[in-house]
Amino acid sequence: MTSVFVTFEGIDYSGKSLQSRLLCERLQSDHRAVLLLRDPGATRISEKIRRLLLDKALDEMAAVTELLLYEAARSQMVAQLIEPALASGRTVICDRFYDSTTAYQGFARGLDLDLVQAANRIGSCGLVPGHTFLLDLDPAAALARKKISGRKADRIEQEGLMFQNRVREGYLQTAAREPDRFTVLDAQVAPEVLHQTIWSVFVQKFDE
Ligand code: TMP
(Lines give C-alpha, C1' and ligand atoms only; values in the text may rest on other atoms or scores of the structure.)
Protein backbone atom coordinates (compact mmCIF):
# COMPACT_ATOMS: atom_id res chain seq x y z
CA MET A 1 0.00 0.00 0.00
CA THR A 2 1.34 3.44 -0.82
CA SER A 3 1.13 5.90 1.99
CA VAL A 4 1.35 9.62 1.35
CA PHE A 5 2.20 12.31 3.89
CA VAL A 6 1.70 15.90 2.76
CA THR A 7 2.14 19.08 4.78
CA PHE A 8 1.06 22.70 4.33
CA GLU A 9 3.13 25.58 5.64
CA GLY A 10 2.95 29.36 5.70
CA ILE A 11 2.53 32.36 7.97
CA ASP A 12 -0.79 32.96 9.69
CA TYR A 13 -3.54 33.98 7.23
CA SER A 14 -1.68 32.50 4.25
CA GLY A 15 -4.69 30.24 3.58
CA LYS A 16 -2.95 26.94 4.33
CA SER A 17 -5.84 25.61 6.44
CA LEU A 18 -8.30 26.20 3.57
CA GLN A 19 -5.94 24.56 1.07
CA SER A 20 -5.40 21.55 3.37
CA ARG A 21 -9.17 21.12 3.59
CA LEU A 22 -9.69 21.49 -0.17
CA LEU A 23 -7.05 18.85 -0.91
CA CYS A 24 -8.61 16.54 1.69
CA GLU A 25 -12.09 16.98 0.18
CA ARG A 26 -10.75 16.37 -3.32
CA LEU A 27 -9.13 13.10 -2.22
CA GLN A 28 -12.25 12.01 -0.36
CA SER A 29 -14.33 12.63 -3.47
CA ASP A 30 -11.95 10.18 -5.19
CA HIS A 31 -12.77 7.65 -2.42
CA ARG A 32 -9.32 7.83 -0.89
CA ALA A 33 -8.90 7.24 2.83
CA VAL A 34 -7.46 10.50 4.12
CA LEU A 35 -6.72 12.02 7.49
CA LEU A 36 -6.54 15.81 7.94
CA LEU A 37 -4.65 17.02 11.02
CA ARG A 38 -3.35 20.24 12.48
CA ASP A 39 -0.06 20.72 14.27
CA PRO A 40 -0.05 21.56 17.14
CA GLY A 41 -3.23 19.63 17.88
CA ALA A 42 -5.28 16.67 16.65
CA THR A 43 -4.93 14.46 19.77
CA ARG A 44 -6.30 15.17 23.27
CA ILE A 45 -2.80 15.67 24.65
CA SER A 46 -1.60 17.78 21.72
CA GLU A 47 -4.72 20.00 21.87
CA LYS A 48 -4.04 20.64 25.57
CA ILE A 49 -0.44 21.57 24.76
CA ARG A 50 -1.75 23.81 21.94
CA ARG A 51 -3.85 25.75 24.45
CA LEU A 52 -0.75 26.35 26.59
CA LEU A 53 1.29 27.43 23.57
CA LEU A 54 -1.25 29.94 22.30
CA ASP A 55 -2.33 31.36 25.68
CA LYS A 56 -1.56 35.10 25.63
CA ALA A 57 -1.45 35.21 29.43
CA LEU A 58 1.69 33.01 29.43
CA ASP A 59 4.03 35.71 28.15
CA GLU A 60 6.88 34.52 30.39
CA MET A 61 7.32 31.33 28.30
CA ALA A 62 11.00 30.77 27.48
CA ALA A 63 11.91 30.08 23.85
CA VAL A 64 13.29 26.59 24.62
CA THR A 65 10.13 25.71 26.57
CA GLU A 66 8.11 26.81 23.55
CA LEU A 67 10.28 24.66 21.26
CA LEU A 68 9.91 21.58 23.45
CA LEU A 69 6.15 22.01 23.80
CA TYR A 70 5.71 22.13 20.00
CA GLU A 71 7.83 18.98 19.72
CA ALA A 72 5.89 17.26 22.52
CA ALA A 73 2.55 18.01 20.84
CA ARG A 74 3.94 16.72 17.52
CA SER A 75 5.42 13.50 18.85
CA GLN A 76 2.06 12.55 20.37
CA MET A 77 0.29 13.25 17.07
CA VAL A 78 2.86 11.21 15.11
CA ALA A 79 2.74 8.23 17.46
CA GLN A 80 -1.02 8.21 18.02
CA LEU A 81 -2.34 9.19 14.59
CA ILE A 82 0.15 9.64 11.75
CA GLU A 83 2.21 6.46 12.02
CA PRO A 84 -0.84 4.15 12.32
CA ALA A 85 -2.60 5.94 9.45
CA LEU A 86 0.40 5.69 7.13
CA ALA A 87 0.91 2.04 8.11
CA SER A 88 -2.65 1.28 6.98
CA GLY A 89 -2.14 3.04 3.65
CA ARG A 90 -4.08 6.23 4.39
CA THR A 91 -3.06 9.60 3.03
CA VAL A 92 -2.21 12.08 5.79
CA ILE A 93 -2.46 15.85 5.30
CA CYS A 94 -1.07 18.02 8.04
CA ASP A 95 -1.67 21.73 8.49
CA ARG A 96 1.88 22.63 9.65
CA PHE A 97 4.67 20.23 10.74
CA TYR A 98 8.31 20.63 11.73
CA ASP A 99 9.11 23.26 9.07
CA SER A 100 6.97 25.61 11.20
CA THR A 101 9.34 25.03 14.12
CA THR A 102 12.35 25.78 11.92
CA ALA A 103 10.74 29.01 10.71
CA TYR A 104 9.14 30.23 13.98
CA GLN A 105 11.43 28.98 16.76
CA GLY A 106 14.60 28.86 14.65
CA PHE A 107 14.57 31.81 12.25
CA ALA A 108 12.08 34.10 14.06
CA ARG A 109 12.80 33.40 17.77
CA GLY A 110 16.49 33.01 17.01
CA LEU A 111 17.11 29.60 18.58
CA ASP A 112 20.17 27.79 17.25
CA LEU A 113 19.18 26.09 13.98
CA ASP A 114 21.13 22.89 14.72
CA LEU A 115 19.36 22.61 18.07
CA VAL A 116 15.98 23.13 16.38
CA GLN A 117 16.79 20.52 13.76
CA ALA A 118 17.76 17.99 16.42
CA ALA A 119 14.55 18.73 18.33
CA ASN A 120 12.56 18.37 15.10
CA ARG A 121 13.97 14.91 14.54
CA ILE A 122 12.80 13.87 18.01
CA GLY A 123 9.37 15.52 17.75
CA SER A 124 8.61 14.06 14.33
CA CYS A 125 9.98 10.62 15.31
CA GLY A 126 12.16 10.92 12.19
CA LEU A 127 9.16 11.24 9.86
CA VAL A 128 9.78 13.45 6.80
CA PRO A 129 6.86 14.79 4.71
CA GLY A 130 6.60 13.33 1.21
CA HIS A 131 5.74 16.78 -0.04
CA THR A 132 5.28 20.26 1.44
CA PHE A 133 3.26 23.13 0.01
CA LEU A 134 4.49 26.51 1.21
CA LEU A 135 1.94 29.30 0.80
CA ASP A 136 4.11 32.38 0.60
CA LEU A 137 2.56 35.69 1.64
CA ASP A 138 3.84 39.18 2.45
CA PRO A 139 3.18 39.66 6.21
CA ALA A 140 1.65 43.09 5.46
CA ALA A 141 -0.97 41.38 3.27
CA ALA A 142 -1.51 38.80 6.03
CA LEU A 143 -2.13 41.64 8.50
CA ALA A 144 -4.77 43.12 6.18
CA ARG A 145 -6.49 39.68 6.01
CA LYS A 146 -6.35 39.44 9.80
CA LYS A 147 -8.05 42.86 10.19
CA ILE A 148 -10.86 41.81 7.86
CA SER A 149 -11.33 38.53 9.76
CA GLY A 150 -11.75 40.38 13.08
CA ARG A 151 -10.02 37.48 14.88
CA LYS A 152 -7.90 38.21 17.94
CA ALA A 153 -4.17 37.42 17.80
CA ASP A 154 -2.87 34.44 19.81
CA ARG A 155 0.45 34.44 21.75
CA ILE A 156 2.54 33.74 18.62
CA GLU A 157 0.55 35.94 16.21
CA GLN A 158 0.87 38.96 18.50
CA GLU A 159 4.66 38.99 17.93
CA GLY A 160 4.16 41.49 15.08
CA LEU A 161 5.34 42.23 11.57
CA MET A 162 9.12 41.90 12.07
CA PHE A 163 8.66 38.45 13.59
CA GLN A 164 6.39 37.36 10.71
CA ASN A 165 8.97 38.67 8.22
CA ARG A 166 11.62 36.46 9.81
CA VAL A 167 9.21 33.49 9.71
CA ARG A 168 8.61 34.09 6.01
CA GLU A 169 12.33 34.35 5.30
CA GLY A 170 12.93 31.16 7.28
CA TYR A 171 10.37 29.31 5.23
CA LEU A 172 11.82 30.53 1.94
CA GLN A 173 15.36 29.55 2.94
CA THR A 174 14.17 26.11 4.07
CA ALA A 175 12.28 25.56 0.82
CA ALA A 176 15.31 26.63 -1.22
CA ARG A 177 17.41 23.99 0.54
CA GLU A 178 14.95 21.19 -0.30
CA PRO A 179 13.49 22.07 -3.71
CA ASP A 180 12.29 18.51 -4.42
CA ARG A 181 10.16 18.37 -1.28
CA PHE A 182 8.75 21.90 -1.49
CA THR A 183 6.35 23.66 -3.83
CA VAL A 184 6.31 27.39 -3.10
CA LEU A 185 3.04 29.07 -4.07
CA ASP A 186 1.95 32.70 -4.17
CA ALA A 187 -0.78 32.88 -1.51
CA GLN A 188 -2.31 35.99 -3.14
CA VAL A 189 -3.59 33.85 -6.01
CA ALA A 190 -7.33 33.02 -5.86
CA PRO A 191 -8.02 29.98 -3.62
CA GLU A 192 -9.62 27.87 -6.43
CA VAL A 193 -6.63 28.50 -8.71
CA LEU A 194 -4.22 27.62 -5.91
CA HIS A 195 -6.14 24.43 -5.26
CA GLN A 196 -5.87 23.40 -8.92
CA THR A 197 -2.11 23.93 -8.85
CA ILE A 198 -1.78 21.94 -5.62
CA TRP A 199 -3.92 19.17 -7.07
CA SER A 200 -1.85 18.88 -10.23
CA VAL A 201 1.42 18.76 -8.24
CA PHE A 202 -0.11 16.11 -5.98
CA VAL A 203 -1.30 13.96 -8.89
CA GLN A 204 2.03 14.27 -10.67
CA LYS A 205 4.02 13.29 -7.60
CA PHE A 206 1.83 10.61 -6.03
CA ASP A 207 -0.81 9.38 -8.45
CA GLU A 208 1.04 8.63 -11.67
P1 TMP B 1 -2.13 27.59 13.54
O2 TMP B 1 -2.96 28.72 14.06
O3 TMP B 1 -1.73 27.72 12.13
O4 TMP B 1 -2.73 26.26 13.87
O5 TMP B 1 -0.72 27.62 14.35
C6 TMP B 1 -0.64 27.98 15.67
C7 TMP B 1 0.49 28.95 15.90
O8 TMP B 1 1.66 28.23 16.34
C9 TMP B 1 0.90 29.77 14.70
O10 TMP B 1 1.04 31.13 15.10
C11 TMP B 1 2.26 29.24 14.33
C12 TMP B 1 2.80 28.67 15.61
N13 TMP B 1 3.72 27.54 15.48
C14 TMP B 1 5.04 27.67 15.92
O15 TMP B 1 5.45 28.74 16.37
N16 TMP B 1 5.87 26.58 15.83
C17 TMP B 1 5.45 25.36 15.38
O18 TMP B 1 6.23 24.41 15.33
C19 TMP B 1 4.06 25.24 14.93
C20 TMP B 1 3.58 23.92 14.42
C21 TMP B 1 3.25 26.34 15.00
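The values are calculated or read from the model by the stated rules, or taken from the named source; none is laboratory data. If you're wondering where the values come from, they're calculated on a predicted model, not measured in any experiment. Counting neighbours? That spans all protein chains shown, and the Cβs are built from the backbone with ideal geometry, glycine included. Remember, those area values only see protein heavy atoms, side chains included, never the ligands or the DNA or RNA. Shrake-Rupley method; radii C 1.70, N 1.55, O 1.52, S 1.80 Å.
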Bridge type composition, region 4-206 - antiparallel percent by DSSP, nearest 5: 0 percent
Gain upon complete extension [M162, R51; 0.36 nm per residue less C-alpha separation]: 37.5 nm
Here, the chain modelled as identical Cα point scatterers in vacuum has Debye log10 I(q)/I(0) at q = 0.10, 0.15 Å⁻¹ of -0.40, -0.96
At a 1.4 Å probe radius, carbon and sulfur cover how many percent of the accessible area of region 4-206? 56 percent
Order by protection proxy (mean Cβ within 10 Å, highest first), peptides 106-115, 149-158, 56-65, 9-18: 9-18, 106-115, 149-158, 56-65
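Taking K and R as +1 and D and E as -1, what net charge do the other residues with C-beta under 12 Å from the C-beta of N120 add up to?
So the environment of N120 carries a net charge of -2.
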Which distance in nm do the two modelled labels at R145 and A87 give, with both placed 7 Å along the Cα-to-Cβ direction? 3.6 nm
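Before anything else, pin down the relative contact order of the chain: Cα pairs under 8 Å, at least 6 apart, normalised by residue count, whole percent.
Working: 318 pairs, mean separation 65.6, N = 208.
Over the chain, the number comes to 32 percent.
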Spelling it out for V92: with amide H atoms placed in the peptide plane at 1.01 Å from N, the residues 5 or more places away or on another chain with amide H under 5 Å from its amide H are V4, F5, V6, L35
